[in-house]
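K.L.:
The structure is given below, and queries will be raised subsequently.
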Amino acid sequence: MSILRNRSTLAVAVLLIWDLAASAADETGAITVSVPAERQWAEMTTDQFSFEKPSWLTDLSFEVKESFDDNPYLSGVDSKYLPLSYTVPPGSVAALQNRSSFVTLVAPRIGVNFAPLLSNQQTLQVLSLAYAPRIAVFHGASAENYDAHSFPAIVKGDWDAFSLGANNTFNFIDGSKYGPTYPGAFLNAYSTCAPREHREQINDNGTVFFQYNHDRWFVRPAASLLDYDMMTKLLDVTGYQNYASRYDINGGPDFGYRVAPQLAVTLGYRYGHQYQESFSFSPYSSSSDYQRALFGIEGKPWQWLEMKVQGGPDFRNYQPDTATHIAPVSDMHLVTYYGEASLTAKITARDGLTVTYKQFQWVSQLGTIPYFDSTYRLSYRRKMGDHLTLDLGGSILSSDYTSGDLPSSKRLDFEYVASARLDYSFNAHISANLAYEFDAGRNDLAGVVNSEMRAFDRNLISVGVLVKF
């Protein structure tokens, strides 16, 4: 994938957004007033840099960001541990810790809400579709260059006692068809996640629900899909990252009772299936069916706190072994746990706090084995004035593979993330941001020889400009 192609794609995106913006302005009759060159940005007024968007045009923006990534492959293996010789297949790249790269990201966005265009109806409040491409150029690691084409869609509606909602984001990533190669297969479980997101693939993440309300009771059938269709080459080479296609699909009802006008307890059930691609050079894969009993609480116990918590046992049934397939697990009928939570607190008019959490059994991105995925995130936002906003964040992620029965299942890896970001808005249309992120990968399994081979540190700093029309 060449930089020339990236720039051609960018030119088409810019022209498309400009043409749509101009058309919207023509339809409303508004005029864009040019800004005198000698004026400072901070002195610009809204009227001097705007046109009146039609009500159906919800998003029209353009962002440019420049970053420096001192470890794009999240590798922490000292050269003394590397094998004396190793194979890097043609098209792949050696994922070493001494790589660094400046990264240029261009991200236009356009979004449309079709609901206002449907006259004489009150059922649909939101019927939106957006196109949000991202064009990334890694100047020091060209194998990571990619074009991402993202299509977020949202539906919200209600009539009488019924309501519905759907969220879906479909992504096509036009990137390298080859995974990176970690010499000796020495890496943390999280080392390969970022490079995976740059490889050629289609992924889809969506949820949908319908709800019927009766007095204090409600019933809510719901379904969700998480799908990765990886398009990278599969090669039987030590350390080469074979990214497996995989998906999780589930559905079932929630029954709820409102213990207060804005607070409900719920009891739910989900039946689901997880699929993990089998490689031609390995008999192992960990596809399974599962059932979950879920207990939850959701709503606003106080005006300043909004919450949704749901969790319960997860009953697994792995596909039985055959002459060509083996499920590499120690328990074919594993009982584990599923939990998910989101809490948003409006502490003051200028301070907000968000906590999210999720734990579930999933299948490995590199095929073969399953693992227990845990994610804890904390974010804090402070409006420091009319123009300046501070965001602070922290995350703890863990991948526990010990439910498998292969040597590669002897793994319990963590990633710790700390981040900070400042946004300054010059006016309603132009803002700039400065961000920093630190990532640390660590091993947490006792008895691992040379456990530092599973450790990494990464520093990522970026500066960007966002223009909203």
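K.L.:
Regarding T356, is this residue under 24 Å from S245 (Cβ atoms) and among the β-branched types (V, I, T)?
P.N.:
Details: under 24 Å from S245 (Cβ atoms): no; among the β-branched types (V, I, T): yes.
For T356, the condition - under 24 Å from S245 (Cβ atoms) and among the β-branched types (V, I, T) - is not met.
K.L.:
Of the residues D236, D314, D254, D248, which is surrounded by 17 or more Cβ atoms within 10 Å (Cβ to Cβ), of a type in the set (D, E) and over 25 Å from the mean Cα position of the chain (by Cα)?
P.N.:
Going through D236, D314, D254, D248 in turn, the sole match is D254.
K.L.:
Another question, if that's okay. Filter segment 159-192 for residues that are modelled with pLDDT of 95 or more, out of contact with any helix residue (DSSP H, G or I) (no Cβ under 9 Å at 6 or more places or on another chain) and of a type in the set (D, E, K, R) and give the result.
P.N.:
Hit for segment 159-192 is K177, nothing else.
For every residue, the table says whether it meets (1) closer than 25 Å to D229 by Cβ; (2) buried (at least 19 other Cβ atoms within 10 Å of the Cβ); (3) hydroxyl-bearing (S, T, Y).
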position	(1), (2), (3)
V137	yes, yes, no
E144	yes, yes, no
S163	no, no, yes
A166	yes, no, no
G175	yes, yes, no
G179	yes, yes, no
P183	no, yes, no
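K.L.:
Same structure again: Hey, which of the strands (runs of 3 or more DSSP E) in segment 109-194, taking only ones fully inside, have at least 1 residues that are more than 21 Å from P72 (Cα to Cα)?
P.N.:
In segment 109-194, 124-131, 146-159, 162-174 are the strands (runs of 3 or more DSSP E) which contain 1 or more residues that are more than 21 Å from P72 (Cα to Cα).
K.L.:
For the condition of a type in the set (V, I, T), assigned to a loop (DSSP other than H, G, I, E, B) and in contact with a Gly (Cβ under 9 Å, 6 or more places away or on another chain), what is the one hit in T232, T207? Reasoning before the result, please.
P.N.:
Numbers: T207 fails: assigned to a loop (DSSP other than H, G, I, E, B).
Only one candidate passes the filter, namely T232.
K.L.:
Something else about it: Would you mind telling me which numbered condition in (1) charged (D, E, K, R); (2) in contact (Cβ under 8 Å) with a residue 40 or more places away in the chain; (3) closer than 29 Å to E306 by Cα; (4) not in a strand (DSSP E or B) E415 fails?
P.N.:
Of everything listed in (1) charged (D, E, K, R); (2) in contact (Cβ under 8 Å) with a residue 40 or more places away in the chain; (3) closer than 29 Å to E306 by Cα; (4) not in a strand (DSSP E or B), E415 misses just condition (4).
K.L.:
Within segment 241-264, which residues are closer than 30 Å to Q201 by Cα and either touching a Gly at 6+ places or on another chain (Cβ under 7 Å) or among the charged types (D, E, K, R) (or both)?
P.N.:
Q241, N242, Y243, A244, R246, D248, I249, N250, G252
K.L.:
So which of N433, N427 ends up being crowded, with 16+ Cβ neighbours inside 10 Å and assigned to a loop (DSSP other than H, G, I, E, B)?
P.N.:
It is N427.
The values are calculated or read from the model by the stated rules, or taken from the named source; none is laboratory data. In this text the structure is predicted, and so the values were computed from the model without any measurement. Positions of Cβ are generated from backbone atoms using ideal geometry, with glycine treated the same way; all protein chains shown enter the neighbour counts.
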